[in-house]
1. With runs of 4+ DSSP H residues as the only contributors, calculate the mean residue ellipticity of the chain at 222 nm using -39,500 (n - 2.57) per run, divided by the residue total and rounded to the nearest 500.
2. Given Lys42/Lys110; Lys7/Lys221; Lys42/Lys116, which pairs have Cα atoms separated by over 32 Å?
3. Provide the three semi-axes, in whole Å and in decreasing order, of the ellipsoid equivalent to region 6-66 as defined by the square roots of 5 times the Cα gyration tensor eigenvalues.
4. So for region 1-141, Kirkwood radius off the Cα pairs, Stokes-Einstein at 4 °C and 1.567 mPa s: how many µm² s⁻¹?
5. How large is the dipole of region 134-207 about the Cα centre if only Lys and Arg carry +1 and Asp and Glu carry -1, each at its Cβ, rounded to the nearest 20 debye?
6. Charges only on Cβ, +1 for Lys and Arg, -1 for Asp and Glu: so what's the dipole of region 105-144 about the Cα centre, in debye to the nearest 20?
7. Can you compute the charge dipole magnitude of the chain about its Cα centre, using +1 on each Lys and Arg Cβ and -1 on each Asp and Glu Cβ, nothing else charged? Give it in debye, rounded to the nearest 20.
8. In the neighborhood of Gly139, defined by Cβ-to-Cβ distances under 14 Å, what is the net charge if each Lys or Arg adds +1 and each Asp or Glu adds -1?
Amino acid sequence: MSLLELKNVHTYYGHIHALKGISLRVEEGEIVTLIGSNGAGKSTTLRTISGLVKPRQGEVLFQGRPIHRLPAHQIVALGVGHVPEGRRIFPRLTVEENLEIGAYLENDRKVVQQRKEEVFSLFPRLYERRAQKGGTLSGGEQQMLAIGRALMQNPKILLMDEPSMGLAPVLVDFIFEIIQKLNREGRTILLVEQNARLALQIAHRGYVLATGEITLSGSAKELAQNPEVQKAYLGEE
Ligand code: ATP
């Protein structure tokens, strides 16, 4: 049984048919990447998994259980963490308060404290800035906070939407190292990235999305060597 499976998922925004029958699988322990151009439906795929938009047709199974009709907070509670595009941290709350909100489903203060310590050991910078308002953090720090907030719920799978967006190269490298570290520690990752080259370097497998449909899939190595992928997404001739 796959940890996550989408079967023929169709998602609409009003009349816009954003996902046109997406089927994909993510096995426990994998990093799987979704690549594709702007507007291909990558974010919509993540939003459909986490229940922020509801599919009109098809199924989303998590640990074999259909979740596509559940409200988003129940999907979070099952172990699906979402690090949204643009980070969406709470700008007027401190770093520490942002993290605590990430653990809103957890009643045990000790557990919350322990998770916070784990996040701070992953991102010492967040510890230094713990009393600072989220809105005053740099882009890289906000990305760390968005990842940290999702980790506060101890998710089984992390859905990551464009974590490298707008970051300086050195920070992109840092965030990608963190993704690999989280994966080595046993976390499954579904990674949406514009930076297909980097994503394919760290992923086990990938899917290529174009106008709401999956056009290619395979091991990250196969995709990186595929001439169509090289031309369209890796900037090679
Ligand atoms: P990007 O990297 O630019 O975010 P994407 O691959 O993540 O691209 P989506 O954001 O999933 O693409 O968008 C898929 C399609 O759905 C696009 O045609 C987009 O214009 C449309 N869309 C996305 N969000 C909405 C919305 N809230 N209302 C209407 N249409 C939307």
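The values are calculated or read from the model by the stated rules, or taken from the named source; none is laboratory data. The structure displayed is predicted, hence computed values, not measured ones. Don't worry about glycine lacking a Cβ; one is built from the backbone with ideal geometry, like all the others, and counts go over all protein chains shown. Remember, those area values only see protein heavy atoms, side chains included, never the ligands or the DNA or RNA. Shrake-Rupley method; radii C 1.70, N 1.55, O 1.52, S 1.80 Å.
1. -11000 deg cm²/dmol
2. Lys42/Lys110
3. 19, 15, 9
4. This corresponds to a translational diffusion coefficient of 76 µm²/s.
5. 300 debye
6. Using only the charged Cβ atoms, the result is roughly 140 debye.
7. My answer is approximately 620 debye.
8. Neighbour charge sum, excluding Gly139 itself: +1.
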